[in-house]
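Beneath this line is the structure, given in structure tokens, with notes to follow.
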Amino acid sequence: MNEHTRPDPALQPDEATDHILGPASARVTLVEYGDFQCPSCAQAHGALKIMLAHFGCDLCFVYRHYPQRAAHPEAELAAEAAEAAGAQGRFWPFHDLLFEDQQHLKEKHLLDHARLLGLDMARYEYEMKDHVYLQRVQEHLQSGQHLGLRGTPTFYVNGVYTDVSFGLHHLHEAIDKALLAAGQA
């Protein structure tokens, strides 16, 4: 992984293309590159919900797609579906459903999720058929490749790569350290 003394500009949240929870004024920005079919990402999802509640307004969370197509053949379509839901203001509920029901990511299941969330189904089906959001998913993927990502989940805390291969408590600690550095403990 690339580590920089100054954060890579690719890690700056972009309201036009990123999915962001928390205030832009937060002292710490956490960027995740994830894959909806990745078991480790599903594990991280539960821990992230706890961390988001714990850190509150001090944390801005950014989710980006990094579907590992070779290992997870349904991940890219799931990412497209999440983007289609996002276009209707329902990205985060869809995101949560995908991780909470990770065994069901085939097209018919994605349709069921869209119905459950009350999406405009004609619009959703049209956008999915035409792969309207595939380019955005691929842009996220290219951004991760630019950063040298090898897998998912991959996290950056204020632009610094944070290794969670030995446990998600490392992520919590990195956020704590970033808050201390920002004078907010």
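Bear in mind that the values in this text are calculations on the coordinates, not laboratory data. Please read these numbers as outputs of a predicted model, since none were measured by experiment. Cβ placement follows ideal geometry from the backbone for every residue including glycine, while neighbour counts extend to all protein chains displayed.
Observations
- Length gained on full extension, Gln88 to Ala122, computed as 0.36 nm times the residue gap minus the Cα-Cα distance: 11.0 nm.
- Using Cβ point charges alone (K and R +1, D and E -1), the dipole size of region 15-181 about the Cα centre works out to roughly 140 debye.
- In order along region 70-75, phi translates into HN-Hα couplings of 5, 8, 10, x, 9, 5 Hz, rounded to whole numbers, per the Karplus curve 6.51 cos²θ - 1.76 cosθ + 1.60 with θ = phi - 60° and x for Gly and Pro.
- Which labelled figure in (i) 45, 37, 29; (ii) 49, 30, 29; (iii) 65, 41, 24 is Cα extents along the principal axes in Å, once derived from the coordinates: (ii)
- Tilt relative to the chain, helix 91-100 - C-alpha long axis, 0 to 90 degrees, to 10: 90
- The mean sequence distance of close C-alpha pairs (under 8 Å, at least 6 residues apart), as a share of the length of region 15-181, puts its relative contact order at 31 percent.
- Sequence-distant aspartates and glutamates (8 or more away, or on other chains) whose Cα lies within less than 12 Å of Lys129: Glu80, Glu107
- Taking each residue as 0.36 nm, the span from Phe166 to Thr17 lengthens on full extension beyond its C-alpha to C-alpha distance by 50.6 nm.
- Length added when fully stretched, Asp176-Ala71, from 0.36 nm per residue minus Cα-Cα: 34.5 nm
- When region 58-185 is described by a simple charge dipole with +1 on each Lys and Arg Cβ and -1 on each Asp and Glu Cβ, the residue from Ala79, Gly151, Leu59 located farthest towards its positive end is Gly151.
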